[in-house]
Amino acid sequence: MSHKHSMILLYLIVVGMVLGLLAGWYFGEDVLIVKWIGVLFLNALKMTIVPLILAAVISGVASLGDVRKLGKPGGLTMLYYLSTTVIAILIGLVLVNIIQPGVGVEMTAEALEVGQQKVQTSGNQDFSDILLSLISPNLVKSAADLQLLPLVFFAVLFGTAVTTVGSMGTSVINFFEGLNETMMKIVGWIMYFAPLGVFALVATALGEAGGGDAFLATILGIGKYVATVLIALAVHSVVLFVIMISMSNRGAVYLKDMARALLTAFGTASSSATLPLTMECAYEHGLSERSVRFVLPLGSTVNMNGTALYEAIAAMFIAQMYGIELGLFAQILIVVTATLAAIGAAGIPQAGTVTMLIVLGAVGLPAEGIGILLSVDWFLDRFRTAVNVWGDAVGAAVMNKYMISTEEKALEYALKDD
Ligand code: ASP
């Protein structure tokens, strides 16, 4: 896509989002007649995910050439993701301790009941569940359920193994290279549909919440909590921006180039569904294929800065609401468990609300407390998903610089040897 085209598309997506908000606000539930357009867009994106992830990760890992070369970039990527996740949680904790949004909030019986239902339907979440979700006994079923973590794991394994089988592996790698290119072509076409898709998704989300007035009433009810999450997300986005400027040699234009993916993340509330567009934007910006194909798919499944931050704030909010004092040790436990819970959360709408049960369980908070958060969760989910995607994008930019500089060094040595 030419630069001019992508800019026009960006403006159109912004227009789509604003019109979606206005339509949902004024028409309330009546706007649901456009729901199918959003579903169509979402389905089109989801359609590409499984073949794209397999092709991108397998060819990305295989392009590293040698199994031993995977260790360092892989390890550093994970380290980078873990560090930014912890930074996000700390920002959340500092703000929630300062603002104290839960103090004085009354828990209604109705909210308690909603929370109770949520806990029952989500079942028990545990640390071991996160580890178990890494390896799937049935890849086809995981693919059908769009559980991407086991697919990424398998693809890394496959990409590594295929480089060790000599010339027989070459045609397999070529196949996945070709598949990747083809899938990206399709994603490029779907992107043209994004303005309409984002319009419909945003309008229906607001419409389903009862339109503008109902939405305002819910937001005002726990406004301080909503404000704390939004402020913390904004602060973390700026921190990521500074990391990007200082560690990746990229300027504000990177943010502009990623904007189409970020707005789509807002529209879909799903970082997995947005992944194809995130990759497309990163390619167009000019990141190397390796960082796009390896770092972004990994990030979209394990790196969720926005989700981690939100889980920490939500847990503290519930504690404050029940008047439960959480000391330093409990808050450290929140850092650890929110990190794991964010890694375990799938990139789908409101997944973080379910894995938050891990955090609540670890520090002994009543899980029914999430009832009161659910009314605004669909809304906050959109912002945190956009931050999740921004976190992945910055990670890819940082790793891109690292990978390129190691490649240059290797080339220098090779030339010297010659
Ligand atoms: N919706 C988020 C995502 O897809 C996950 C969550 O926080 O619920 O990234």
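The values are calculated or read from the model by the stated rules, or taken from the named source; none is laboratory data. As the structure is a computational prediction, the values presented were derived from the model and not from experiment. Ideal geometry is used to build each Cβ from the backbone, glycine not excepted, and the neighbour counts take in all protein chains shown. Heads up: the accessible areas ignore ligands, DNA and RNA and are worked out on the full protein's heavy atoms, side chains in. Shrake-Rupley method; radii C 1.70, N 1.55, O 1.52, S 1.80 Å.
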Q: May I ask you to list the residues in the stretch 268-291 that are within 12 Å of the ligand (Cβ to nearest atom) and on the phi < 0 side of the Ramachandran plot?
A: Thr268, Ser270, Ser271, Ser272, Ala273, Thr274, Leu275, Thr278
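Within the stretch 273-299, which residues are small (Gly, Ala, Ser), open to solvent by 10 Å² or more (accessible area, probe 1.4 Å) and in contact with a helix residue (DSSP H, G or I) (Cβ under 7 Å, 6 or more places away or on another chain)? Give the derivation first.
Filtering the stretch 273-299 for residues small (Gly, Ala, Ser) gives 273, 282, 286, 288, 291, 299.
With the extra rule that they be open to solvent by 10 Å² or more (accessible area, probe 1.4 Å), the set shrinks to 286, 288.
Of everything in the stretch 273-299, just one residue is small (Gly, Ala, Ser), open to solvent by 10 Å² or more (accessible area, probe 1.4 Å) and in contact with a helix residue (DSSP H, G or I) (Cβ under 7 Å, 6 or more places away or on another chain), namely Ser288.
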Q: Residues being assigned to a helix (DSSP H, G or I), modelled with pLDDT under 90 and open to solvent by 50 Å² or more (accessible area, probe 1.4 Å): count how many of those fall in the stretch 159-204.
A: 2
Q) Could you say which residue among Ala217, Ala227 is touching a residue at least 24 places away in the same chain (Cβ under 8 Å), of a type in the set (A, V, I, L, M, F, W, C) and either in a helix (DSSP H, G or I) or open to solvent by less than 30 Å² (accessible area, probe 1.4 Å) (or both)? A) Ala227
Q.
Checking Ile13 against (1) over 23 Å from the mean Cα position of the chain (by Cα); (2) part of a helix (DSSP H, G or I), only one condition comes out false. Which one?
A. (1)
